[in-house]
Amino acid sequence: MKVYLDEHIHLTMASLLHARGIDCITTRDAGNLGCSDEAQLAFATSHGRAILTFNHKDFLQLAKQWHETGRIHAGIILSKELAIPELIRRLHRFITHYATTDLTNCVIWLPSIPHRS
């Protein structure tokens, strides 16, 4: 699974994900800082990458618009804003578990990881 990190995801995430073998790029890597949410989704899709974003309101609306007009996206992974270590754990676990899953036109909330006693 290839991931595109939305503009609001801290840049540190990319290097930490790379260290775990996850293929990801940032909006900065792509030269897309300041682009619209639609342009970000289009870029991610054109490169076969699911986008990870905290911006659930706008991306849920975009997913709905794209669905209604028959446009296809490569997947939207939504998350609430979390501390970087927690976000890394959740995303790594998600990608490991769903590595071969096709996220085309899927909108998924990044699941929480149950704490073990």
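So if R0 is 25 Å, what FRET efficiency would Thr96 and His10 give, r being the distance between their Cβ atoms, rounded to the nearest 0.05? Here the calculated transfer efficiency is 0.75. Between 0 and 90 degrees, the angle of helix 84-97 with respect to the longest Cα principal axis of the chain falls at about 80 degrees. Helix 37-46 and the longest principal axis of the Cα set of the chain meet at an angle near 80°. Taking label points 7 Å from Cα along the Cα-to-Cβ direction, Glu68 and Ala30 give a separation of 2.4 nm. Across the alpha-carbon atoms of the chain, the computed radius of gyration and Dmax are 13.5, 47 angstrom. Ranking Ala44, Leu103, Ala63 by Cα position along the charge dipole of the stretch 2-109, where only Lys, Arg, Asp and Glu carry charges on their C-beta atoms, puts Leu103 farthest toward the positive end. Compared with the dominant principal axis of the Cα atoms in the chain, helix 56-68 is inclined by about 40°.
Laboratory data are not the source of any read-out in this text; all were calculated from the coordinates shown. All values derive from a computational prediction rather than experimental measurement. Positions of Cβ are generated from backbone atoms using ideal geometry, with glycine treated the same way; all protein chains shown enter the neighbour counts.
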